[in-house]
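Asker: Once you've had a glance at the structure underneath, I'll fire off some questions.
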Amino acid sequence: MLERRTKPPLTIRLCGPRGFCAGVDRAIQIVVLALKKYGAPVYVRHEIVHNRYVVEGLQNLGAVFIEELHEIPDEHHQSPVVFSAHGVPKSVPADAVERNLFYLDATCPLVSKVHKQAMRHQRLGRHVLLIGHAGHPEVIGTMGQLPDGAVTLIETEQDAEKFVSPHGQELGYVSQTTLSVEDTAGVIRALEARFPQMKAPAAESICYATTNRQDAVKAAAPGSDLFLVVGAPNSSNSRRLVEVAERAGAKRSLLVQRASEIPWGEIGDISVLGLSAGASAPEIIVDEIIAAFRERFDARVELAETAIETENFPVMRAIRDVELTVADMAFVNGGVDRS
């Protein structure tokens, strides 16, 4: 008679908050509502959020993803085009108007707030310093709110040390909303040491969802043998969670998009797993990963919750008259597999 093999015990520390934030939820809603009101195709400039699962789900519903507006065929110029949650330079809506396109701007309201703060600095005669990562869509969008030469990107403390204020101009700073709180604080300290008169934004630039997810990871990471963050490689806030987990005490931290990416042969003997998800990662993938560990371990889940989020950002008036079904809402909230 074969001896029945028992599964090794595993504690899964599940972070809360995790996954979709209010800005991501709103952006996905906008695409779904536009499809229901206007029909397919609905064009989306850039990934609506940085998550392949979400993008493919919206494609299945009739969304068409493009990088630039000139990709919209002439015969579809009456179809709506949605701008992503990351925000766009001023030149993009101007281009849409010139092409006579109907657009819906899904920029996260917290990103729009950073745009306004940057423009306020510039209006008050300050040279704007943007703390962020080169090439990220949010950074491109924020820099594109200001005239050429009015803003300088600062990525690191080394950049802060090398920066020279143009013509001794007064300075003001803003930051990308999805950065590591610690890294940003280090850059700000370096700038303030050199430019003590530099003006801060009127409100914190790093968004509540970024801070909340990082705080939950800090609580769950100490003593974790492995920490998994669900998110895409091009998701800034997800990559920051990986870094935060390692700094906070996880022995190893990895970014995965699906359970199929978990390197089962390399994880070794683990007894504590930390698990979180970036702000654009749907909950259904978190469930998928927990199920995959339960197949291999006698797993119990404990919640590492540091905040409860109640924020809700309404969509624009043009599509508020459309009702979402229960299935639509489940998809918007990341809980239904439509792939």
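Asker: Go ahead and collect, in residue order, the members of segment 300-327 whose backbone nitrogen is under 15 Å from a label point 7 Å along the Cα-Cβ direction of K116.
Answerer: Those under the cut-off are 313-314.
Asker: Okay, moving on. With no solvent and one equal point scatterer placed on each C-alpha of the chain, evaluate the Debye formula and give log10 I(q)/I(0) for q = 0.07, 0.14, 0.15 Å⁻¹, two decimals.
Answerer: Log10 I(q)/I(0), no solvent term: -0.33, -1.13, -1.24.
Asker: Right, something else. Can you return the lysines within cross-link range of K90? Criterion is Cα-Cα under 22 Å, with same-chain partners fewer than 8 residues away left out.
Answerer: Within the straight-line limit of under 22 Å, K90 reaches these lysines: K113, K116.
Asker: Percent antiparallel among DSSP beta bridges with both residues in segment 110-194, to the nearest 5?
Answerer: 0 percent
Asker: Run the simple label-point estimate for I270 and A330 please: 7 Å along Cα→C-beta, distance reported in nm.
Answerer: 2.9 nm
Asker: Here is a follow-up. When the label point is put 7 Å from the Cα of V301 along its Cα-to-beta-carbon vector, which residues of segment 207-235 have a backbone N closer than 20 Å?
Answerer: In segment 207-235, the label zone of V301 (backbone N under 20 Å from the point 7 Å along Cα→Cβ) covers 213-222, 224-232.
Asker: May I ask you to order 199-205, 303-309 by the average number of other C-beta atoms within 10 Å around their residues, highest value first?
Answerer: Output ranking for 199-205, 303-309: 199-205, 303-309.
Asker: When the chain is fully extended, how far beyond the present Cα-Cα distance does E309 get from H133, taking 0.36 nm per residue of separation?
Answerer: Extending this stretch completely gives an extra 60.7 nm.
Asker: What's the exposure ranking of H77, H50, H127, going from fewest to most Cβ atoms within 10 Å?
Answerer: Exposure proxy ranking, most exposed first: H77, H127, H50.
Asker: Can you give me the three principal axis dimensions of segment 129-200 from its C-alpha atoms, in Å, biggest first?
Answerer: In descending order, the Cα extents are 29, 29, 19 Å.
Asker: Calculate, in nm to one decimal, what E288 and T6 gain on full extension: separation in residues at 0.36 nm each, minus their alpha carbon distance.
Answerer: 99.3 nm
Asker: So what are the ³J(HN,Hα) numbers for segment 41-48, from phi and the Karplus equation (6.51, -1.76, 1.60; θ = phi - 60°), rounded to whole Hz, Gly and Pro as x?
Answerer: x, 10, 8, 10, 7, 6, 4, 4
Asker: OK, next. By how many nm would the segment from N60 to A202 lengthen if fully extended, with 0.36 nm per residue of separation less the alpha-carbon distance?
Answerer: 47.0 nm
None of the figures in this text is laboratory data; all of them are computed from the coordinates on show. Computed from a prediction, not measured in an experiment: that's the story for all the values here. Because the Cβ atoms are built from the backbone with ideal geometry, glycine has one as well, and the counts that use them run over all protein chains shown.
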